[in-house]
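The next block holds one structure in the form of structure tokens; read it before the comments.
The values are calculated or read from the model by the stated rules, or taken from the named source; none is laboratory data. No experiment lies behind these values; they were computed from the predicted model shown. All Cβ positions, glycine included, derive from the backbone under ideal geometry; neighbour counts span all protein chains shown.
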Amino acid sequence: MNLLKVYLIPVVLLVALIPPAYYLLATRPREQSSKPRVESNQNSTQSTEIPEEITICQLSQDPGKYNRKLVKVSGFLSHGFEESGLFDSTCDSRYSIWFEYGGSETTGTMYCCGVTAERKRPQPIVVEGFEIPLVVDDNFRNLDKGLNEPTRSDSIVHATVIGRFFSGEKTTVADGRTAWLGYGHLGCCSLMVIQQVVQVDAQDRKDLDYGATADHPDLDKYGCSNSTTLLDDTFQDHRKAQFQADNGERSWAFDDPQRVAAELLANHLQLDPSSIKLRVIRRETARVVYEWKPSKNPIYMVVVSRPYELSFHSKTEKVAWVPIAMYKACE
């Protein structure tokens with residue numbers, strides 16, 4: 001996961017801190033339901049349970065309060081390699097909640113440890129004694145299609161879903177932070193198992209970037225083996241940049257991705273932006289990847305984007321170009 005700020009926790013520490021039972025989502029054999037559009041045998045308690053309508057920010061800020069509860073939330077779902085996240089762009093919730101499908105469907109996310117990319121599981125999913133069903137209808141299919149768009153390696157969709165939430169275990173990690181861990185890649189997160197998709201927003205704007213993660217340097221091409229991430233911003237920084245563009249302070253950011261990249265590098269290296277000669281190494285309508293090779297190593301790479309999430313915070317339909325990644329390679 002790397003669109004925004006990522007906290008990296010050493011694998012050895014995670015293995016020591018997280019109960020092994022949490023690494024994989026538990027399943028147990030159950031008879032398949034005879035109802036063709038609901039994948040599960042719901043018991044009477046689950047079938048009559050009314051979901052609590054809350055925000056993802058509430059879930060992220062107080063996971064223990066909602067442990068094992070059926071909830072209804074609206075927000076962004078991101079999917080890719082080692083990426084299956086549920087988050088709200090108005091708070092620091094990215095990379096804290098992992099999501100999975102209920103019933104016998106899976107997201108097919110590849111992550112550590114012991115998980116395959118199979119899109120079906122042999123039996124309906126059971127987590128902490130709860131069998132979670134899944135309503136397989138057009139809303140679900142539209143969500144899954146958006147998350148697995150074949151023209152992208154990863155994707156972000158905005159939707160409203162109902163699911164059962166599992167907080168994981170409250171843990172103090174290496175840097176002294178308190179985190180709720182146990183599910184997802186290396187036990188990174190709390191867990192939401194989706195039971196029903198209520199509504200899905202269309203991915204119909206060509207001027208927006210629906211990708212979930214940033215490009216990385218091609219070290220094989222550069223002929224070296226090391227790169228360093230230099231950008232340590234958050235979505236709050238992107239919102240600030242959008243606000244500055246909206247109010248005219250940086251209106252050029254609507255149309256000049258190269259200037260956005262050059263100013264970022266210049267500020268980092270304390271150089272005159274005009275001295276930085278960027279070369280485009282990949283261009284899409286809503287994402288551009290630039291490279292700068294000074295007279296000698298290192299090589300710098302900057303990724304700028306018009307993120308889909310920013311369209312929910314813009315004053316008009318215009319979304320500003322913002323940097324989503326910056327690297328130094330071959331130092």
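When Gly129, Gly146, Gly103 are checked against the criterion of being on the phi > 0 side of the Ramachandran plot, at pLDDT 95 or above and either out of contact with any Asp or Glu (no Cβ under 8 Å at 6 or more places or on another chain) or in the same structural domain as Thr234 (by TED's automatic domain parsing) (or both), Gly129 stands alone in meeting it.
Pairing residues of the range 168-191 that are within 10 Å of Ile97 (Cα to Cα) with residues that are surrounded by fewer than 23 Cβ atoms within 10 Å (Cβ to Cβ) and among the β-branched types (Val, Ile, Thr), at Cβ distances under 6 Å and at least 6 apart in sequence or on separate chains, gives Leu181/Ile18; Leu181/Thr171. The single residue among Pro257, Pro273 that is under 14 Å from Asp215 (Cβ atoms) and either surrounded by 15 or more Cβ atoms within 10 Å (Cβ to Cβ) or outside the structural domain of Asp92 (by TED's automatic domain parsing) (or both) turns out to be Pro257.
To keep it simple, each residue is scored yes or no on (1) at negative phi; (2) modelled with pLDDT of 95 or more; (3) of a type in the set (Val, Ile, Thr); (4) assigned by TED's automatic domain parsing to the domain that holds Asn139.
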site	(1), (2), (3), (4)
Ser47	yes, no, no, yes
Ile50	yes, yes, yes, yes
Thr55	yes, yes, yes, yes
Pro63	yes, yes, no, yes
Tyr66	yes, yes, no, yes
Lys72	yes, yes, no, yes
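The residue that is farthest from Asp218 (Cα to Cα), among those in the range 289-311 that are assigned to a helix (DSSP H, G or I) and either at pLDDT below 95 or not hydrophobic (A, V, I, L, M, F, W, C) (or both), is Ser311.
Each row is one residue, and each column tells you yes or no for (1) touching a residue at least 60 places away in the same chain (Cβ under 8 Å); (2) of a type outside the set (Gly, Ala, Ser); (3) not assigned by TED's automatic domain parsing to the domain that holds Tyr95.
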position	(1), (2), (3)
Ser225	no, no, yes
Arg239	yes, yes, yes
Lys277	no, yes, yes
Ile281	no, yes, yes
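Considering the range 172-199, and only residues there that are at pLDDT 95 or above and hydroxyl-bearing (Ser, Thr, Tyr), the residue that is farthest from Val126 (Cα to Cα) turns out to be Ser190.
Taking Ile194 as meeting all but one of (1) touching a residue at least 40 places away in the same chain (Cβ under 8 Å); (2) surrounded by fewer than 19 Cβ atoms within 10 Å (Cβ to Cβ), write down the number of the exception. Checking Ile194 against (1) touching a residue at least 40 places away in the same chain (Cβ under 8 Å); (2) surrounded by fewer than 19 Cβ atoms within 10 Å (Cβ to Cβ), the one that fails is (2). The selection criterion, being buried (at least 20 other Cβ atoms within 10 Å of the Cβ), hydrophobic (A, V, I, L, M, F, W, C) and farther than 30 Å from Arg306 by Cα, does not hold for Leu147. In a helix (DSSP H, G or I), in contact with a Ser or Thr (Cβ under 9 Å, 6 or more places away or on another chain), more than 30 Å from Asp201 (Cβ to Cβ) and not basic (Lys, Arg) - does that describe any residue in the range 235-247? No: the range 235-247 contains no residue that is in a helix (DSSP H, G or I), in contact with a Ser or Thr (Cβ under 9 Å, 6 or more places away or on another chain), more than 30 Å from Asp201 (Cβ to Cβ) and not basic (Lys, Arg).
State which residue is farthest from Ser311 (Cα to Cα) when the search covers only the range 79-138 and only residues that are charged (D, E, K, R) and surrounded by 19 or more Cβ atoms within 10 Å (Cβ to Cβ). The residue in question is Glu131.
Taken together, Asp204, Asp220, Asp215 contain a single residue that is acidic (Asp, Glu) and within 15 Å of the chain's Cα centre (by Cα), which is Asp215.
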